[in-house]
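Down below is the structure, laid out as structure tokens.
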Amino acid sequence: MNIPKKLGLSLVAAALVTVYGCGKEAPKTAQAPAAPVEEVVTIRIGHAGPLTGGIAHLGKDNENGARLAVEEATARKMKIGGKTVAFELMGEDDQADPKMGPTIAQKFVDAKVAGVVGHLNSGVTIPASAVYNQAGIPMISGSATNPKLTEQGFKNVFRLVARDDQQGPAVAQYLEAQKIKRIAIVDDATAYGEGLANEVEKTLKAGGVQVVTREKTNDKATDFKAILTKIKGRNPDAIFYGGMDATGGPMLKQARDLGIKAVFSFGDGACTDEMSKLAGAAAEGLICSQAGLPASAASKEFNDAFKAKFGDVKQYAPFTYDAANLIIAAIQKADSADPAKYLPELQAMSMKGATGTISFDEKGDRKNAEVTIFTLKGGKIEPIAVVQGGKSLGFEEFLKASAPAPMAGAPAAAPATPPAPAPEAPKK
Amino acid sequence: MHPILDLRHRPAAALVGLALVAIVLVVLPFVLTGIGTFWVRITNLAILFCLLALGLNIVVGFAGLLDLGYIAFYAVGAYTYALLASPHFGLHLPFWVILPIGAAVACFFGVILGAPTLKLRGDYLAIVTLGFGEIIRIFLNNLAQPVNITNGPQGIARIDPFRIGDLSFSTTDSIAGLTFTGPMKYYYLLLVVLIAVIAINLRLQDSRIGRAWEAIREDEVAARAMGINTRNMKLLAFAMGASFGGISGGMFSAIQGFISPESFVLVESIMVLSMVVLGGMGNIWGVVIGAVLLSFAPEILRYTVEPAQRMMFGRTLLDPEVIRMLLFGLALVLMMLFRPAGILPSALRKRELETRRSAG
Amino acid sequence: MDTFLQQIVNGLTLGSIYAIVALGYTMVYGIVQLINFAHGEVVMIGALTAYSVIVALTGAQVPLPAVAIVLVATMVAIPVCMAVGYTLERTAYRPLRRAPRLAPLITAIGLSIILQHLALIVWSRNPLPYPQIIHTVPYHLTGNPNGATITNVQIAIVVTSVAMMAGLVTLVYRTKLGIAMRAVAQNPSIAGLMGIDNNRVIALTFVIGAGLGAVAGVMVGSYYGIAHYQMGFLLGLKAFSAAVLGGIGNLAGAMLGGLLLGVIEALGAGYVGDLTNLCQLSGWFDALKVRCATDPNVTLFGSNYQDVFAFIVLILVLVFRPSGLLGERVSDRA
């Protein structure tokens, strides 16, 4: 037990130095003479996602989102249990490997983190969640969409994105609204692609749309001509593909080469600007969905702050930002970083975050999770509609309806908490 | 055999050596827990890879049959356990019932693979086993339709941990004043299994069967002429290798609590093969060392190569994952070129391989 | 009917690509009885090299017609792949020519991993979109305006591969090098006594195979519009299956096996799903009838098994006719 303690001490020391340093720099007039050396407690929050391998860029994006929240919270100098706290993000690499899920989770448990943001992939999050559950540490995933995650009966497991069985129906409802009568459904035989496609299929069938064929390819394939030819023979009005952009793009291109004119629709895995690079001109007019609100609809404060620090948002950073803020807000409300104490607060939390209003249902899923529908125009994806609770709203209408524009998560959450002897919020 | 363990000629030294090793192995998890339970889990995965590598060693090292789809048996064992001890079918059999079943099912698949391929020469066999491994994975990935057997790519969750009476392997307990965490309990269990498997392998190597395999590996025609039933012997190698894979798979399932086909891809087969090759095909201690080295490689790289790169270039140019794969590749090539008998060549294997090479 | 015709066209195009890759396997196997596992990676490197050249040329707005750009790219990719092929042979296979059989196989797998990850370092792990500089023109095969088509790219692929095949046959049966190759394949030590430089001939075989691989790589890239560092392995495996199907060591066999495998895959993905649709049997089982009322696609095997077909063909051929369709029965040299 020696090493972690020493490490922890030195980290606290480091945190002290930085906080003290900031204190000296930031306010030019106010605190200069007083600055009593107060005891600063470090609260660690874990973040796990792939930092190496094929989707390392998304993992890094997620980590940056959580990091931003943690840094902002530290700058606010909250008081928990009467002591000023500094938050620290412990970022780990799970390599997107299911085997590594529980192992990395163990690392967090060893380090006694207060809460965990992550992981990125459902396949890794599910095995890891059992370890967190046993240790009683709350975890919030900002991107794992597999319904199973929250169906395990774990009280401490939450997520902020729409589940596959929320996103799927949303796309399906949008397609139905477009008077689609016949659809072909394809997936890439991964947990994500298949799960999403199954939900789309279910909803469309219930809505009386004819599913002319259901095909599967795989996530490394380059040749889709055989299944596309079969689909062409069935003459659908639309095609839905559950899979990533790396396969969705070439598929779309090959379909147009074969003379298929049906509308192409995708889930969030292929809802990226990459599509226009991978499919060229064929990508124009595709329809795709993203769980949650688009980065462009995320609060302006978040977008500006994120851009200044890390550049453009890739995909899920607003969600991990909110996830970290939720944990921080719950800790503040419970006035304790002890998971057992703040977990009930987290379950009951309702806050306005960068991705809209957040509250959890009894399973730990987000209530009323929004799904945004995009189309690709001029090489960029653009939001056209928002589906929430089964209703589809045009994007412009949605923005108007939800005005005044969503506020930044953290400041909005703060007033809701019994203000600890309000430290003059360092307004800049 | 290694000189330290030479019981017959230097019994005192051997006993002291063994006792020392035993003490280290028993105390190890407590030391590791001191650093972090994380390291116990990593060690557990390393032991699992040792088991796999020892299983593959029977097929590749002893009998000389190159199997590139070995991970399929691991998958079969893992799925057998998962299906019989999870809410998926609502079955919750105890592990001592399932592990033998898993071994038997894997063994059955080993024979299914072995039977039609016995006639094939080494290189064809390699390709067929590779194809077989992929076929198993693709089936596991797709057997959710039309009847849901494997739950497809969604995988199987909430797999039961091992349990003996009231003692669950997944929880933390205090026994005789010592705290045993879940991973520590699994460590001891895995260690016992590993020792058993090593013992079986050592006995096998010097048995009639082991020598028959060796004869087949060296010259199949001559072996047959010596009265060895080469067909049965080869089948036996496949079956035994597969059973070990099946048992390791079952344990993997229980430790993980969740499995899906993405854990059983071709790269894993190649990883296990690299371990066997690095350690020296047919060399039991070498294989164990190879497996331990390569399973810790990612962690070692993470703490050495990454900071080193950052110091030299200011950022990470090659992520450890890439370096690790390059190492696997290099291990295979360089070992074959320069040290075909492995890092710990046994005298016999060394002689064999070298005379063969010069004689051609 | 249109769908069937289209599947055949798809299959033949894919098959032509398999055939060219299979030629690389079969030549090497024919001469040194070695499965060059890394051949698929050579194809991948060909595709990616050509990708870089095309991107560079189009980026620099070189005033060349699209076809010329692709040709230049191929001309660059061929020597690059040849160099890779030669390096493989020289450093990893030649020293092991007399080693036990397992050794070169394991080396080949190792090389395959190394090449993949070197490509990853050079070209990143993202799928790279091939610039669509050649405008695809579909020609209708039937009167149906929405029916089966064959595109100019598909025609070019089939014609090129047939031409390369013909060139290779001429090389092997009509030139001095070809005679030397066949001699080495028959009996290397006697060939050596006859004054043939075995090492040179074997190296040349690798180099020619790699050159063919480069062309195949460019074809795959421009046909499917995508290239990435992992594209070679499965392609290589399937091409190897094609070579075995046709009879390994046999040039015509590789071509035939490739075309057959391409068609099998296309038809398999296109039709097996319907053929194994259990709803056809719903008259017999009540349970099925209930299920098919809500879901008319209760398929046993569908396109999800597309990659399995090649392996099953491979296993069946090896078990029932190891010499392949056109190969003569060879004695066991092991």
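The values are calculated or read from the model by the stated rules, or taken from the named source; none is laboratory data. Since the structure is predicted, the reported quantities are computational estimates derived from the model, not experimental observations. Cβ atoms come from the backbone with ideal geometry, glycine included; neighbour counts cover every protein chain shown. Heads up: the accessible areas ignore ligands, DNA and RNA and are worked out on the full protein's heavy atoms, side chains in. Shrake-Rupley method; radii C 1.70, N 1.55, O 1.52, S 1.80 Å.
Within region C:275-307, restricting attention to residues that are among the hydrophobic types (A, V, I, L, M, F, W, C) and within 14 Å of chain A (Cβ to nearest Cβ), which residue is farthest from the chain's Cα centre (by Cα)?
Among them, the one singled out is C:Ala293.
With the requirement that a residue be buried (at least 18 other Cβ atoms within 10 Å of the Cβ) and either closer than 30 Å to C:Ser222 by Cβ or of a type in the set (Gly, Ala, Ser) (or both), what does region C:161-197 give you?
C:Ser161, C:Met164, C:Met165, C:Leu168, C:Val172, C:Ala180, C:Ala183, C:Ala185, C:Ala191
What number of residues within region C:1-36 satisfy the criterion of being within 14 Å of chain A (Cβ to nearest Cβ) and aromatic (Phe, Trp, Tyr)? Before you say what the answer is, go through the steps one by one.
Of region C:1-36, the ones within 14 Å of chain A (Cβ to nearest Cβ) are C:1-18, C:21.
Retained after the next criterion (residues that are aromatic (Phe, Trp, Tyr)): C:4, C:18.
The qualifying residues number 2.
Taking into account only those residues within region C:193-239 that are under 20 Å from C:Gly249 (Cβ atoms) and small (Gly, Ala, Ser), which is farthest from the other protein chains (Cβ to nearest Cβ)?
Out of the qualifying residues, it is C:Gly211.
So is A:Gly269 at pLDDT below 90 and either open to solvent by less than 30 Å² (accessible area, probe 1.4 Å) or more than 12 Å from every other protein chain (Cβ to nearest Cβ) (or both) or not? Lay out the reasoning, then the answer.
Numbers: at pLDDT below 90: yes; either open to solvent by less than 30 Å² (accessible area, probe 1.4 Å) or more than 12 Å from every other protein chain (Cβ to nearest Cβ) (or both): yes.
Taking the combined requirement at face value, the residue satisfies it.
Scanning region C:117-126 for residues that are within 9 Å of another protein chain (Cβ to nearest Cβ) and either in contact with a Lys or Arg (Cβ under 8 Å, 6 or more places away or on another chain) or open to solvent by less than 30 Å² (accessible area, probe 1.4 Å) (or both), which turns out nearest to C:Tyr51 (Cα to Cα)? Full working, then the answer.
Initially, region C:117-126 is screened for residues within 9 Å of another protein chain (Cβ to nearest Cβ), giving C:117-118, C:120-121, C:125-126.
Still in the running and either in contact with a Lys or Arg (Cβ under 8 Å, 6 or more places away or on another chain) or open to solvent by less than 30 Å² (accessible area, probe 1.4 Å) (or both): C:117, C:120.
Working: C:His117: 17, C:Leu120: 14 Å.
So the residue we want is C:Leu120.
When the residues of region C:56-75 are filtered to those that are touching a residue at least 24 places away in the same chain (Cβ under 8 Å) and closer than 11 Å to C:Ile133 by Cβ, which remaining residue is farthest from the chain's Cα centre (by Cα)? Quick ask: steps written out before the conclusion?
First, the residues of region C:56-75 that are touching a residue at least 24 places away in the same chain (Cβ under 8 Å): C:58, C:66-67, C:69-70, C:73-74.
Now drop any that are not closer than 11 Å to C:Ile133 by Cβ, which leaves C:58, C:66-67, C:69-70, C:73.
On the way: C:Thr58: 27, C:Ala66: 25, C:Val67: 22, C:Ile69: 23, C:Val70: 19, C:Ala73: 19 Å.
The selected residue is C:Thr58.
Exactly one condition in (1) modelled with pLDDT of 90 or more; (2) open to solvent by less than 30 Å² (accessible area, probe 1.4 Å); (3) more than 12 Å from C:Val43 (Cβ to Cβ) is false for C:Arg200; which is it?
(2)
Would you confirm, using the coordinates I've provided, whether B:Thr150 is of a type outside the set (D, E, K, R), at the interface with chain C (Cβ under 10 Å from one of its Cβ atoms) and at negative phi? Outline the logic, then answer.
On the way: of a type outside the set (D, E, K, R): yes; at the interface with chain C (Cβ under 10 Å from one of its Cβ atoms): no; at negative phi: yes.
Judged against the criteria, B:Thr150 is not a match.
Yes/no matrix, rows are residues, columns are (1) more than 17 Å from A:Gly142 (Cβ to Cβ); (2) of a type outside the set (Asp, Glu):
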{"position": "A:Ile328", "(1), (2)": "no, yes"}
{"position": "A:Ile331", "(1), (2)": "yes, yes"}
{"position": "A:Glu345", "(1), (2)": "yes, no"}
{"position": "A:Gly356", "(1), (2)": "no, yes"}
{"position": "A:Asp365", "(1), (2)": "no, no"}
{"position": "A:Leu376", "(1), (2)": "yes, yes"}
{"position": "A:Val386", "(1), (2)": "yes, yes"}
{"position": "A:Lys391", "(1), (2)": "yes, yes"}
{"position": "A:Gly394", "(1), (2)": "yes, yes"}
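Within region B:110-127, which residues are touching a residue at least 40 places away in the same chain (Cβ under 8 Å) and either open to solvent by less than 10 Å² (accessible area, probe 1.4 Å) or of a type in the set (A, V, I, L, M) (or both)? Break it down stepwise before answering.
To start, the set of residues in region B:110-127 that are touching a residue at least 40 places away in the same chain (Cβ under 8 Å) comprises B:110-111, B:113-115, B:118, B:122-123, B:125-127.
If the condition is that a residue be touching a residue at least 40 places away in the same chain (Cβ under 8 Å) and either open to solvent by less than 10 Å² (accessible area, probe 1.4 Å) or of a type in the set (A, V, I, L, M) (or both), then B:Gly110, B:Val111, B:Leu113, B:Gly114, B:Ala115, B:Leu118, B:Asp123, B:Leu125, B:Ala126, B:Ile127 are the ones that fit.
Is it true that C:Ile106 is without any contact (Cβ under 8 Å) to a residue 24 or more places away in the chain and either buried (at least 16 other Cβ atoms within 10 Å of the Cβ) or among the small types (Gly, Ala, Ser) (or both)?
Numbers: without any contact (Cβ under 8 Å) to a residue 24 or more places away in the chain: yes; either buried (at least 16 other Cβ atoms within 10 Å of the Cβ) or among the small types (Gly, Ala, Ser) (or both): yes.
It is true that C:Ile106 is without any contact (Cβ under 8 Å) to a residue 24 or more places away in the chain and either buried (at least 16 other Cβ atoms within 10 Å of the Cβ) or among the small types (Gly, Ala, Ser) (or both).
Conditions tested, residue by residue: (1) under 30 Å from A:Gly389 (Cα atoms); (2) free of Cβ contacts under 8 Å to residues at least 24 places away in the same chain; (3) in contact with a helix residue (DSSP H, G or I) (Cβ under 9 Å, 6 or more places away or on another chain); (4) hydroxyl-bearing (Ser, Thr, Tyr).
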position	(1), (2), (3), (4)
A:Gln254	no, no, yes, no
A:Ala262	yes, no, yes, no
A:Phe266	yes, no, yes, no
A:Ala281	no, yes, yes, no
A:Leu286	yes, no, yes, no
A:Ala298	yes, no, yes, no
A:Glu301	yes, no, yes, no
A:Ala308	no, yes, no, no
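Looking only at region A:307-329, count how many residues are assigned to a helix (DSSP H, G or I) and surrounded by fewer than 24 Cβ atoms within 10 Å (Cβ to Cβ). Steps first, please.
First pass over region A:307-329, keeping only residues assigned to a helix (DSSP H, G or I): A:307-310, A:317-329.
Subsequent filtering for residues that are surrounded by fewer than 24 Cβ atoms within 10 Å (Cβ to Cβ) retains A:307-310.
Here the count works out to 4.
In region C:130-146, is there at least one residue being open to solvent by 70 Å² or more (accessible area, probe 1.4 Å), at pLDDT 90 or above and either closer than 30 Å to A:Asp219 by Cβ or in a loop (DSSP other than H, G, I, E, B) (or both)?
no
If B:Gly227 passes every condition in (1) outside any helix (DSSP H, G or I); (2) within 17 Å of B:Val59 (Cβ to Cβ) but one, which one does it miss?
Exception for B:Gly227: condition (2).
Among the helices (runs of 4 or more DSSP H) contained in region A:92-198, which hold 1 or more residues that are among the aromatic types (Phe, Trp, Tyr) and open to solvent by less than 10 Å² (accessible area, probe 1.4 Å)? Walk me through how you get there before you give the answer.
Details: elements: A:100-110, A:122-135, A:164-177.
Output list reads A:100-110, A:122-135.
Within region C:54-73, is even one residue crowded, with 20+ Cβ neighbours inside 10 Å, within 14 Å of another protein chain (Cβ to nearest Cβ) and within 30 Å of B:Ser269 (Cα to Cα)?
no
Check whether at least one residue in region A:273-292 is under 27 Å from A:His47 (Cβ atoms) and in contact with a Lys or Arg (Cβ under 6 Å, 6 or more places away or on another chain), and report yes or no.
Checking region A:273-292: at least one residue is under 27 Å from A:His47 (Cβ atoms) and in contact with a Lys or Arg (Cβ under 6 Å, 6 or more places away or on another chain).
For region C:76-95, does any single residue satisfy the condition of being more than 14 Å from chain B (Cβ to nearest Cβ), in contact (Cβ under 8 Å) with a residue 24 or more places away in the chain and among the aromatic types (Phe, Trp, Tyr)?
yes
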